[in-house]
Amino acid sequence: MLYDLHELQRFFLTPLATFSNSSSQLFTNPYSPWAYTPVSKQIAAGYELLHRLGKDYEKPSWDISCIELNGTSCTVQQHTVYSKPFCELVRFSLDADLGPRPQVLLIAPLSGHHATLLRDTVRTLLHDHDVYVTDWVDARMVPLSAGSFHLNDYVHYIEDFLAHLNTDTHVIAVCQPTVPALAAVALMAAQQSPHLPKSLTLMGGPVDTRQSPTQVNRLATTKPYSWFENQLIHRVPARYPGAGRRVYPGFLQHLGFMAMNPDRHLSSHYDFFQHLVEGKDDSAEAHRRFYDEYNAVLDMPAEFYLDTIKIVFQEHALPQGTWVINDQTVDPAAITTTALLTIEGELDDISGLGQTEAAQHLCSHIPPQNKQHYVAQGSGHYGIFSGRRWRQNVYPVIQRFIQQHT
């Protein structure tokens, strides 16, 4: 019912968002006489802010058409190479003949935002690698006939993608997928799979949330499992292909994101209004780009979300050694030949310090010379995979590590 009420609200807000967008242009277009009234900038700014607060945010495009490489502009080719009901494996490569380059499987989070949140990660990695990205499908777009999707299925998806890429692959998992990525490699190692990755990089993820618990971790442990199932899980309305599927809706996730830092978001929107009035176009455009991505959310399959709450945050099944998939216990100590790099942000308020580093202790049979841990000083959660600190500080560490183990 809540999902249906949300859709009804969107139905009524859409005309208002359209009207406010047109009105904003009326007070900014140089051919409009209203653009030259004394308070036109203030009125236009108010209308645009109203438009952005009321509009629907669709999945952003990757927008990676070319990159600069050694002073030369190289065209980026993007295409889907493998499709599964809940995920598409997308390849990014350069059209230039650069010889053999390491191939990287970048595992994007299935935690509310689209994989395009890793746009800057992909763009940077492309300077030295061919990049494959897990582009997760919005659960409301997946028909019920495709079946359910559990955390264990996420692990099997990673195994399938690695088998598709065959050999000599380097895995990078960002945030939430650090857990299923480590599990997948552990199971493959125990089975002596020929498709084991050459290296595994885990970045800012909840491998062991008992270390430095954050607000996110405390929410998952202070509420019983039944609360999450009864309060956060809803069925997809009839107008979507996934009608009837149980999901954790994107709009509820978005409310949670906003509630974590409400003052920061209010300040950001006020600054946006001021920048529009003052004609600071670059600052205003930066705000638009950020919130176009931040406000675009997807529905998560209910089974996957509830499994994550229970297995990762409440039972700590991976570090406790109690996670069983298809009658096989997930044991990271089985990994011996895959090199391991763990990365954390000093100021990460989502995955606290030590949560990702825990993988170093769990992977006890990887030789010390093949393991490395790095803390990005001054970086929050997003700073370890996007922005200046990612490009200048974190990426060189990853690039060298991959080069050493290629």
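Rule-based calculations on the coordinates, nothing more; no lab input. Everything numeric here is computed off the predicted structure, so don't read it as measured data. Positions of Cβ are backbone-derived with ideal geometry, glycine not excepted, and every protein chain shown enters the neighbour counts.
Only bridges whose two residues both fall in the chain count here: according to DSSP, what percent of them are antiparallel, nearest 5?
Looking only at bridges with both residues in the chain, the antiparallel portion is about 50 percent.
Which order, highest average first, do 42-53, 317-328, 179-190 follow once you tally other Cβ atoms within 10 Å for each residue and take the mean per peptide?
179-190, 42-53, 317-328
In degrees, nearest 10, range 0 to 90: what is the angle between the Cα axis of helix 2-26 and the longest Cα principal axis of the chain?
50 degrees
Multiply the residue separation of LYS310 and GLU278 by 0.36 nm, subtract the distance between their alpha-carbon atoms, and state the gained length in nm to one decimal.
Difference between extended and current length: 6.6 nm.
Angle between the Cα long axis of helix 250-260 and the longest principal axis of the chain, 0 to 90 degrees, nearest 10?
It is inclined by approximately 90 degrees.
Hey, what number do you get for the chain at 222 nm if only DSSP H runs of n ≥ 4 count, each worth -39500 (n - 2.57), divided across all residues, to the nearest 500?
The per-residue figure over the chain is -12000 deg cm²/dmol.
Using Cα-only point scatterers and the Debye equation, what is log10 of I(q)/I(0) for the range 193-335 at each q in 0.13, 0.20 Å⁻¹, rounded to two decimals?
At q = 0.13, 0.20 Å⁻¹ the computed log10 ratios are -0.85, -1.25.
On C-alpha positions alone, give me the angle between the axis of helix 395-404 and the longest principal axis of the chain, in degrees, nearest 10.
30 degrees
Springs between alpha-carbon atoms under 10 Å, Gaussian network over the chain: tell me which of ARG389, ARG264, ARG91 tops the mean-square fluctuations.
Taking springs between Cα atoms under 10 Å, the residue moving most is ARG264.
Cα to Cα, under 26 Å, and not fewer than 8 places away if on the same chain: which lysines meet these conditions relative to LYS84?
LYS59, LYS198, LYS310
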